[in-house]
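The values are calculated or read from the model by the stated rules, or taken from the named source; none is laboratory data. All values derive from a computational prediction rather than experimental measurement. Cβ placement follows ideal geometry from the backbone for every residue including glycine, while neighbour counts extend to all protein chains displayed. Please note that ligands, DNA and RNA were not included when accessible areas were found on the heavy atoms of the full protein model with its side chains. Shrake-Rupley method; radii C 1.70, N 1.55, O 1.52, S 1.80 Å.
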Amino acid sequence: MRKSDNNILYGRLIRSYLSSVVSISLVLFLFGIAGLVVVNARSVSNYFKENITVTAVLNVEAGDSDAEILADELKDRHFVKNVRIITKEDGVREMKRLLGEDFLDVFESNPIPVSLELQVDAAYISTDSLAVIEAGLMEIPVVDDVVYQQSLVELLNANIERIGIIMAVFIALLLFVSVVLINNTVRLNIFSKRFTIHTMRLVGATKGFISRPFLGQAFFQGLISGAIADLCLLAALYMIRNEFNQLFTLFDAVMLAAVMLCVILAGILICLLSTLFVVRNMVSITKDELYYV
């Protein structure tokens, strides 16, 4: 009978410990996702910004050689990441795709000019910076016009700023919820051992002696929970890689490792602090308060 009771008690302890680890792991997993989004937010933002191109349309008399000379000159500009030459033949193919094969029949000569498609550095994708770039390009004699989607630039910058504010609020709330949930999980786990703590105190155990085994348990609980959360995070990234491979290339491996390390450290730190606070509180309560805590 005694062995059966021990097995039942042992099983309850295992289930309680596993329940705590799973709960903390889920919270840390959400924390890890939020952290990953934050550290890669700049890369994602730059990716969308640098997909906005500035097209410098050359005059009709300019040929491919003029475009190549200008392209070499523009590559040295600090705001240019890449330059692509759109030849007259490329322009004709694109217009045929849009307007049909016979669109040139109404013209005596090819009206499509050579153009340069500039990929501008993300730091210069703003209304003011692009206006300065446009004015500079228009001063070049062979450039006839400069085209870019100004409304899209304004909309993109406004949305990025709005998303940044929302993400900051979301991260703050998530961090608060994470601390509260982990603290409650640890508190419930230690609450079940309040009578053991009280007995240890009655036989003369100090607060440090009582806290030591609970802190050791909290350390490994946070470590295991953080490791499980990191494994879930890697699994989520693997699925993202299969479905959105281009988006996955934006993630920085070094920052990913830093986030995973922070998840583990956060799990350990929160578990240790919560355990220390709860145990110290339990040690200080009276016998009558054991039944009403």
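Using a probe of 1.4 Å, the accessible surface attributed to Phe176 totals some 140 Å² when neighbouring protein chains are kept in position.
Within 10 Å, count the other beta carbons around each residue, average over each peptide in 186-199, 125-138, and list them highest first. The partial results should precede the final answer.
On the way: 186-199: 17.0, 125-138: 14.9.
So the peptides 186-199, 125-138, ranked by packing, come out 186-199, 125-138.
Look at the dipole of the range 189-273 built from charges on Cβ: of Ala227, Met200, Cys262, the Cα furthest out on the positive end belongs to Met200.
Roll a 1.4 Å probe over the protein heavy atoms and report the accessible area of Glu50 in Å², nearest 10. That residue has around 30 Å² of solvent-accessible surface. Our coupling estimate for the range 213-226, obtained by passing each phi through the Karplus curve with A = 6.51, B = -1.76, C = 1.60 and θ = phi - 60°, is x, 5, 5, x, 5, 5, 4, 5, 5, x, 5, 5, 4, x Hz, Gly and Pro reported as x. Counting every C-alpha pair in the range 126-205, the share spaced more than 17 angstrom apart comes to 72%.
Figure note: Leu231, Leu181, Leu58 ranked by solvent-accessible area, largest first, 1.4 Å probe, ligands and nucleic acids not counted: Leu231, Leu181, Leu58.
Give me the percent of the accessible area of the range 142-200 that comes from carbon and sulfur atoms, probe 1.4 Å, all protein chains in place.
Exposed carbon and sulfur together represent 71 percent of the surface.
The residues of the range 114-197 expose, per residue, 57 Å² of accessible area to a 1.4 Å probe.
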